[in-house]
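Trainee: Okay, here's the structure, questions in a sec.
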Amino acid sequence: MSRLKLYYAPGACSLADHIALHEAGASFDIERVDLYTHNTESGIDFRTISAKGYVPALILPDGQLLTENIAVLDHLAALYPQLAPAGPLGRTRMIEALATISTELHRAFKPMWHGGSERERAQADATVTGLLLMLSKGMKGAFLFGKEPTVADFYLFVMLLWAERFNVEVPVPMAELRRRMRERPAVAAAMAAEGLADLKI
């Protein structure tokens, strides 16, 4: 194998990695995973590729497997420095943002995806809105770290798509970030490849 290969599920957090690969102009392959049956597009049991059974999973050119969105996105930012914020604390700040998105924001959507009660859904709505407000107050420009997006923005964008799907109120700066991201060719390419071009996730 001489190319990166991303295992993804349409509209899942792996969309962030898919966008990153397009933004970087990387040479890569993708394969869809059905998260309910655990079968890949080619008919392989995905759990034989990644025992964790969830996406993203990135196969490196040397055959090594990389999982967990923070790790995959950090690796892509290391391969393609244009996807990371600049400065002596750039990578650290990026990981800080990725950790917040992964451990706080992503997790907060669980009641929405998994049939939570009305009360749980309302609490989740408030949590998501509050976290997005916090992140918006720390923005350094049009995106989290300035004029150009980083891998953290790609992950955040997926969360903003989920907020749109579940009709969660988002702060104005986050709605604008979502709009800007939708306008990027890399985002359009990744969403089209996943069958999401004209759909709410």
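Trainee: Please tell me if residue 62 is over 22 Å from residue 109 (Cα atoms), open to solvent by 60 Å² or more (accessible area, probe 1.4 Å) and part of a strand (DSSP E or B).
Mentor: Values: over 22 Å from residue 109 (Cα atoms): yes; open to solvent by 60 Å² or more (accessible area, probe 1.4 Å): yes; part of a strand (DSSP E or B): no.
No.
Trainee: Here is a list of conditions, (1) open to solvent by less than 40 Å² (accessible area, probe 1.4 Å); (2) over 19 Å from residue 166 (Cβ atoms), and residue 108 meets all of them except one; can you say which number that is?
Mentor: Of the numbered conditions (1) open to solvent by less than 40 Å² (accessible area, probe 1.4 Å); (2) over 19 Å from residue 166 (Cβ atoms), the odd one out for residue 108 is (2).
Trainee: Of everything in region 6-22 that's in a strand (DSSP E or B) and touching a Lys or Arg at 6+ places or on another chain (Cβ under 9 Å), which residue is nearest to residue 158 (Cα to Cα)?
Mentor: Taking region 6-22 and keeping what is in a strand (DSSP E or B), we get 6-8.
Narrowing the set further to residues that are touching a Lys or Arg at 6+ places or on another chain (Cβ under 9 Å) leaves 7-8.
Numbers: 7: 16, 8: 13 Å.
The residue in question is 8.
Rundown of residues vs (1) in a loop (DSSP other than H, G, I, E, B); (2) open to solvent by less than 30 Å² (accessible area, probe 1.4 Å); (3) basic (Lys, Arg), yes/no style:
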| site | (1), (2), (3) |
| --- | --- |
| 85 | yes, yes, no |
| 92 | no, no, no |
| 100 | no, no, no |
| 125 | no, no, no |
| 132 | no, yes, no |
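Trainee: Given the criteria within 23 Å of residue 18 (Cβ to Cβ), surrounded by fewer than 14 Cβ atoms within 10 Å (Cβ to Cβ) and free of Cβ contacts under 8 Å to residues at least 24 places away in the same chain, does residue 175 qualify? Working first, answer last.
Mentor: Numbers: within 23 Å of residue 18 (Cβ to Cβ): yes; surrounded by fewer than 14 Cβ atoms within 10 Å (Cβ to Cβ): no; free of Cβ contacts under 8 Å to residues at least 24 places away in the same chain: yes.
Taking the combined requirement at face value, the residue does not satisfy it.
Trainee: If I filter region 68-79 for residues that are assigned to a loop (DSSP other than H, G, I, E, B) and at positive phi, do I get at least one hit?
Mentor: First, the residues of region 68-79 that are assigned to a loop (DSSP other than H, G, I, E, B): 68.
Next cut, at positive phi only: 68.
Looking for residues that are assigned to a loop (DSSP other than H, G, I, E, B) and at positive phi, one finds at least one in region 68-79, hence yes.
Trainee: Determine whether residue 146 is free of Cβ contacts under 8 Å to residues at least 12 places away in the same chain, touching a Lys or Arg at 6+ places or on another chain (Cβ under 8 Å) and surrounded by fewer than 20 Cβ atoms within 10 Å (Cβ to Cβ). Steps first, please.
Mentor: Values: free of Cβ contacts under 8 Å to residues at least 12 places away in the same chain: no; touching a Lys or Arg at 6+ places or on another chain (Cβ under 8 Å): yes; surrounded by fewer than 20 Cβ atoms within 10 Å (Cβ to Cβ): yes.
Answer is no for this residue.
Trainee: If you check every pair at least six apart or on different chains, which have Cβ atoms under 6 Å apart with a residue in region 57-85 that is free of Cβ contacts under 8 Å to residues at least 40 places away in the same chain first and a residue that is of a type in the set (D, E, K, R) second?
Mentor: 67/52
Trainee: Return only the number of the condition from (1) hydroxyl-bearing (Ser, Thr, Tyr); (2) surrounded by fewer than 13 Cβ atoms within 10 Å (Cβ to Cβ); (3) within 17 Å of the chain's Cα centre (by Cα) that residue 155 does not satisfy.
Mentor: Of the numbered conditions (1) hydroxyl-bearing (Ser, Thr, Tyr); (2) surrounded by fewer than 13 Cβ atoms within 10 Å (Cβ to Cβ); (3) within 17 Å of the chain's Cα centre (by Cα), the odd one out for residue 155 is (2).
Trainee: Which members of region 36-59 meet the condition of being assigned to a loop (DSSP other than H, G, I, E, B), open to solvent by 70 Å² or more (accessible area, probe 1.4 Å) and not β-branched (Val, Ile, Thr)?
Mentor: Correct list: 36, 41, 42, 51, 52, 54.
Trainee: Then there is this: Hey, among the residues in region 134-143 that are closer than 18 Å to residue 106 by Cβ and open to solvent by less than 70 Å² (accessible area, probe 1.4 Å), which one's farthest from the chain's Cα centre (by Cα)? Let's see the steps before the verdict.
Mentor: The initial filter retains those residues of region 134-143 that are closer than 18 Å to residue 106 by Cβ, namely 134-136, 138.
After this cut, where a residue has to be open to solvent by less than 70 Å² (accessible area, probe 1.4 Å) as well, the list is 135-136, 138.
Working: 135: 16, 136: 17, 138: 19 Å.
Looking at the filtered set, the residue picked out is 138.
The values are calculated or read from the model by the stated rules, or taken from the named source; none is laboratory data. In this text the structure is predicted, and so the values were computed from the model without any measurement. Positions of Cβ are generated from backbone atoms using ideal geometry, with glycine treated the same way; all protein chains shown enter the neighbour counts. For the accessible areas, the whole protein counts, side chains as well, though only heavy atoms, and no ligand, DNA or RNA atoms are used. Shrake-Rupley method; radii C 1.70, N 1.55, O 1.52, S 1.80 Å.
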